[in-house]
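Trainee: Okay, here's the structure, questions in a sec.
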Amino acid sequence: MTEIKNFDENLDLNNFLNSIIHGDCLEVMKKMPGKCVDLIITSPPYNLLNSTGNGLKPGTNCGKWKNAAIKSGYQNYDDNMPYDEYVSWQKACVSEMYRLIKDDGAIFYNNKNRVQAGLLQDRGEIVRDFPLRQVIIWKRSGAINFNSGYFLPTTEQIYMICNKDFKLIKGANKYTDVWEIRQEFKNPHPAPFPEELIDRIISSAPGQIVLDPFAGSGTTGVSAKKFGRDFILIEKSEEYCRMAKARLDGSDWRDTKKLEPIQVEIGF
Ligand SMILES: C[S@@+](CC[C@H](N)C(=O)[O-])C[C@H]1O[C@@H](n2cnc3c(N)ncnc32)[C@H](O)[C@@H]1O
């Protein structure tokens, strides 16, 4: 059974392998020892509710976004920071992630460029101080961000930040740097990874311990388990921790009303 835990800096990290840590990832990562994981695969919130247009701005009818699950934000995170604050927060998170990977480790950091007030917010800004090796373009099957001022964006970026000794598994470079993978439609989490995307990353990259600090419904854990890797998941929302646990344990995880309450004291 997968356990949901609070992170205690006095406990050995091995106690957290194949567990879900309920907490704020920046606080938790700061307590983890350096170079303790092989691979980090993650997708943070995209700050979507901080919107200059009709888009997902709170209080508007959300135009064509009206049926999007993410419209209400996450369970306990409103995804609405002033832009500079968002960039600083994400840089701080990537900096902690970078401290945690081994010399042959890598971070696959997924984010999405946005157009706000008519200008591109290039998420490359977040990762430019780190050893960026490649930007994989994830081409989704569609999008709902209609605006007559620019072409409909259908791609996201996966920034591959690598320490110098990182190498792909033999043959994996055949995937090229453009990945056409449909987004996930059957997961009740508002912004989940498609399992196929994480399967491709994990089957392409070596490393036993895989961390996802913005774990949501636990897709990275599910994929890690499939490929015989160990995972550490961190997630701020109690509901999503419960969803990830049920999913990893093979029980009914899509109906959030049926999820068991978590047994640990809430930390952070
Ligand atoms: C884009 S979603 C990740 C979804 C995940 N990849 C999946 O497949 O379900 C981002 C997640 O980050 C969580 N989150 C937001 N702020 C956080 C924080 N400070 N620490 C940990 N998790 C956080 C949100 O609750 C949300 O579940």
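The values are calculated or read from the model by the stated rules, or taken from the named source; none is laboratory data. Keep in mind the model is a prediction, meaning the values are calculated, not measured. As a convention, Cβ positions derive from the backbone with ideal geometry for all residues, glycine included, and neighbour counts pool all protein chains shown. SASA here: full protein model, heavy atoms, side chains in, ligands and nucleic acids out. Shrake-Rupley method; radii C 1.70, N 1.55, O 1.52, S 1.80 Å.
Trainee: Over all directions, the average projected area of the alpha-carbon convex hull for segment 99-180 comes to how many nm²?
Mentor: Details: hull surface 26.5 nm².
Hull-based average projected area comes out at 6.6 nm².
Trainee: Please give the length that would be gained between V178 and K164 if that part of the chain were fully extended, namely 0.36 nm times their separation in residues minus their C-alpha to C-alpha distance (nm, one decimal).
Mentor: Details: separation 14, 0.36 × 14 = 5.04 nm, distance 2.28 nm.
Gain on stretching V178 to K164: 2.8 nm.
Trainee: Under a plain spin-label model, where a point goes 7 Å from the Cα along Cα-to-Cβ, how far apart in nm are N113 and T256?
Mentor: 3.2 nm
Trainee: Starting from segment 116-188, pick out the trypsin sites (Lys or Arg not before Pro) whose DSSP state is loop and whose Cβ has at most 16 other Cβ atoms within 10 Å.
Mentor: Values: sites: R123, R128, R133, K139, R140, K164, K167, K170, K174, R182, K186; in loops: R123, R128, R140, K164, K167, K170, R182, K186.
When the trypsin sites (Lys or Arg not before Pro) of segment 116-188 are filtered for loop state and at most 16 Cβ neighbours within 10 Å, R128, K164, K167, K170, R182, K186 remain.
Trainee: About the Cα centre, and with charges only on the beta carbon of Lys, Arg (+1) and Asp, Glu (-1), how big is the dipole of the chain? Nearest 20 debye, please. Before the final figure, lay out the partial values.
Mentor: Details: 35 positive and 35 negative charges, 190 e Å.
My answer is approximately 920 debye.
Trainee: Excluding ligands, DNA and RNA, what is the solvent-accessible area per residue of segment 3-258 at a probe of 1.4 Å, expressed in Å²? Mind showing how you got there, number by number?
Mentor: Details: 11850 Å² over 256 residues.
Per-residue accessible area for segment 3-258 comes out at 46 Å².
Trainee: If each residue of separation counts as 0.36 nm, what is the full-extension length gain between E85 and S148 once their alpha-carbon separation is subtracted?
Mentor: Details: separation 63, 0.36 × 63 = 22.68 nm, distance 2.82 nm.
Between E85 and S148, full extension yields 19.9 nm more.
Trainee: If each DSSP helix of 4+ residues adds -39,500 (n - 2.57) and the sum is divided by the residues in the chain, what number results at 222 nm, nearest 500 deg cm²/dmol? Intermediate values should be presented prior to the final figure.
Mentor: On the way: 6 runs with 58 residues, N = 268.
Calculated at 222 nm, the ellipticity per residue is -6500 deg cm²/dmol.
Trainee: Now for a separate question. I need the chymotrypsin sites (Phe, Trp or Tyr not before Pro) found in segment 137-181, filtered to DSSP loop residues with at most 16 other beta carbons within 10 Å of theirs.
Mentor: Values: sites: W138, F146, Y150, F151, Y159, F166, Y175, W179; in loops: F146, Y150, F151, F166.
Filter output for segment 137-181: F146, Y150, F151.
Trainee: OK, next. What is the percent carbon and sulfur in the accessible area of the chain, measuring with a 1.4 Å probe over the protein chains and ignoring ligands? Could the numbers behind the result be given before it?
Mentor: Details: 6320 of 12890 Å².
Its accessible area is 49 percent carbon and sulfur atoms.
Trainee: Restricting to Cα pairs below 8 Å that are 6+ residues apart, what does the relative contact order work out to for the chain? Please round to a whole percent.
Mentor: Averaging sequence separation for qualifying contacts and normalising by length gives 26 percent for the chain.
Trainee: Something else now. Please compute the Kirkwood hydrodynamic radius of the chain from all pairs of different C-alpha atoms, in Å with one decimal. Present the calculation step by step, with values, prior to reporting the outcome.
Mentor: Values: mean 1/r = 0.0526 Å⁻¹.
One decimal place: 19.0 Å for the Kirkwood radius.
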